Amino acid sequence: MSVEPGPTDHGQCREFLRRRAAAHGLDVTVSTAPPIVIGPYPPEGYECPHGTTYWLEPTGEQIAEWVRTGTR
């Protein structure tokens, strides 16, 4: 599997991170605001090449899937 190159346009950074998570089977929301509630997933942010920090959090649907399948 080839690695998708990082975005050169800052407007594509959020979608790039979402696609990278989806490639690993994760459905996430990507935000520039840190999570209010720290869950069982890593709370550290990811800084894009343009200097913005993004946080990835599983969607409600993703969490429900983990509960249903007993994974994560």
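Restricting attention to the stretch 23-55, report how many residues are touching a helix residue (DSSP H, G or I) at 6+ places or on another chain (Cβ under 6 Å) and hydrophobic (A, V, I, L, M, F, W, C).
Qualifying residue count, the stretch 23-55: 3.
So if I check each of Gly25, Gly45, which one is loosely packed, with under 11 Cβ neighbours inside 10 Å and modelled with pLDDT under 95? Explain how you work it out, then say what you get.
Values: Gly45 fails: loosely packed, with under 11 Cβ neighbours inside 10 Å.
When all the criteria are applied, what remains is Gly25.
Restricting the search to the stretch 1-22, which residues are of a type in the set (D, E, K, R) and at pLDDT 80 or above? Talk me through it step by step, then tell me what you get.
Going through the stretch 1-22, the residues of a type in the set (D, E, K, R) turn out to be 4, 9, 14-15, 18-20.
Of everything in the stretch 1-22, those that are of a type in the set (D, E, K, R) and at pLDDT 80 or above turn out to be Asp9, Arg14, Glu15, Arg18, Arg19, Arg20.
Would a scan of the stretch 18-29 turn up a residue that is assigned to a strand (DSSP E or B) and touching a residue at least 12 places away in the same chain (Cβ under 8 Å)? If you could, list the steps in order and put the result at the bottom.
Of all residues in the stretch 18-29, those assigned to a strand (DSSP E or B) come to 28-29.
From the residues that got through so far, the ones that are touching a residue at least 12 places away in the same chain (Cβ under 8 Å) too are 28-29.
There is at least one residue in the stretch 18-29 that is assigned to a strand (DSSP E or B) and touching a residue at least 12 places away in the same chain (Cβ under 8 Å).
Listed here are the residues, each with its yes/no results for (1) out of contact with any Phe, Trp or Tyr (no Cβ under 9 Å at 6 or more places or on another chain); (2) on the phi > 0 side of the Ramachandran plot.
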position: His24; (1), (2): yes, no
position: Cys48; (1), (2): no, no
position: Tyr54; (1), (2): no, no
position: Glu65; (1), (2): yes, no
position: Arg72; (1), (2): no, yes
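If we keep just the residues of the stretch 58-72 that are part of a loop (DSSP other than H, G, I, E, B) and closer than 21 Å to Pro34 by Cβ, which is most open to solvent (accessible area, probe 1.4 Å)? Walk me through it before giving the result.
We begin by selecting, within the stretch 58-72, every residue part of a loop (DSSP other than H, G, I, E, B); these are 59, 70-72.
Applying the additional criterion that residues be closer than 21 Å to Pro34 by Cβ yields 59, 72.
Details: Thr59: 17, Arg72: 193 Å².
Within the stretch 58-72, the match that is most open to solvent (accessible area, probe 1.4 Å) is Arg72.
Quick check on the stretch 46-69. Is at least one of its residues touching a Leu at 6+ places or on another chain (Cβ under 9 Å) and without any contact (Cβ under 8 Å) to a residue 24 or more places away in the chain?
No; the residues of the stretch 46-69 include none that is touching a Leu at 6+ places or on another chain (Cβ under 9 Å) and without any contact (Cβ under 8 Å) to a residue 24 or more places away in the chain.
The values are calculated or read from the model by the stated rules, or taken from the named source; none is laboratory data. From a predicted model like this one, the values you see are computed outputs, not experimental measurements. Using ideal geometry, Cβ is built from the backbone for each residue, glycine included, and neighbour counts are taken over all protein chains shown. For the accessible areas, the whole protein counts, side chains as well, though only heavy atoms, and no ligand, DNA or RNA atoms are used. Shrake-Rupley method; radii C 1.70, N 1.55, O 1.52, S 1.80 Å.
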